[in-house]
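Report on the following structure.
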Amino acid sequence: MDEFKCEILIIGAGPAGLSAGVYCARANRDVIILDGKELSALSKTKEIQNWLGEIDIKGKKLLEKFRAHALSYSENLKIMKGDVISMMLGMGVNMISTRTSNITSDVVIIATGSGHRKEIIKGEGALLGFGVSYSALNDGPLYKDKVVFLYGSDEEVFDDALTLHQMGSNVHIITNIGIDELPEKVYEVKERGIDVIENMEIIEAVSDSEGIIQKIICKFTKPETEDFEEIIEFELDCLYILSHIASNSIFKKAGVELDDMGNIIVNDEQQTSIRSVFAAGDVTGGLFQVVFAAAEGARAGINACKYLRQLKKD
């Protein structure tokens, strides 16, 4: 695991996160921006016609401009790939982990967008840390000689499966697409004797009487006939979910207050229920417009720097 330290960690590289990054870097603060797997909503927008100064521009192109602007402050700012899998916030120093690194920071700005706001698999949020994990590297050693399942379809799934196999876990993979659609590494995995179950979706993770994962309930994504809906159950010790990260579960577990819709609650300064944590953009709800996301990112950056000045003074 790589170790990093910064003054301000920004989670999310969309308009809110990059705007916050520009303001923080211009204030001569040491900034890391985490760019996760989930694409910014802006990059998926075909045309933008209400961004001042651009009569008509593709969302992806506008995001590229934002990113280039942020990276122009490379002396103070760097962008790293990674999804947050765990957080310890408000404990003096904030500690954030991705699948490959640990980061400590004085201030955190959450700007993850709407993304995967809710759990995709029923029961996953309640079992996070109790048999549901988003990181094989972090939790793998806990499950030597245990039955583990990985859920996903990109190359990371197969890399992690090989790692867990070497650690001594009894490894199985579930993917919701067919073998022919998977990365070439699937064949290396199968050669090692790792079970790959294709065209299957996990619909629920079920706990035992002690609140620890006991089994998963699955169904085929390509049934043989229209009325074919066979449900299959697998008993297991750990489920690694690599297809997504339900960010609101992680934020809530870390003590960040959410509203009934799963939005992060902020005050007029974009500050959350934790003093050293700010949030901006679609993750806070409201009007899902790029101009609002950028403005909230700027406000979060300004107030994060203000908080940091007070912290350093204290």
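The values are calculated or read from the model by the stated rules, or taken from the named source; none is laboratory data. These figures come from a predicted structure and were not determined experimentally. Cβ coordinates were reconstructed from backbone atoms using ideal geometry, including for glycine residues, and neighbour counts include every protein chain displayed.
All of LYS312, LYS252 fail the test of being surrounded by fewer than 20 Cβ atoms within 10 Å (Cβ to Cβ) and touching a strand residue (DSSP E or B) at 6+ places or on another chain (Cβ under 6 Å), apart from LYS252. Only residues that are crowded, with 17+ Cβ neighbours inside 10 Å and free of Cβ contacts under 8 Å to residues at least 40 places away in the same chain were counted in region 134-158, giving 2.
Filtering region 269-287 to residues that are among the aliphatic types (A, V, I, L, M), under 13 Å from ALA20 (Cβ atoms) and at pLDDT 95 or above leaves VAL277, ALA279, ALA280. Residues that are in a loop (DSSP other than H, G, I, E, B), among the polar types (S, T, N, Q) and at pLDDT 95 or above within region 75-109 comprise just one, ASN76. Note on region 262-282: residues that are within 22 Å of PRO15 (Cα to Cα), aliphatic (A, V, I, L, M) and touching a Gly at 6+ places or on another chain (Cβ under 6 Å) amount to 1.
Do we find that ASP268 is assigned by TED's automatic domain parsing to the domain that holds ALA70, crowded, with 23+ Cβ neighbours inside 10 Å and either in a helix (DSSP H, G or I) or free of Cβ contacts under 8 Å to residues at least 24 places away in the same chain (or both) in this structure? Taking the combined requirement at face value, the residue does not satisfy it.
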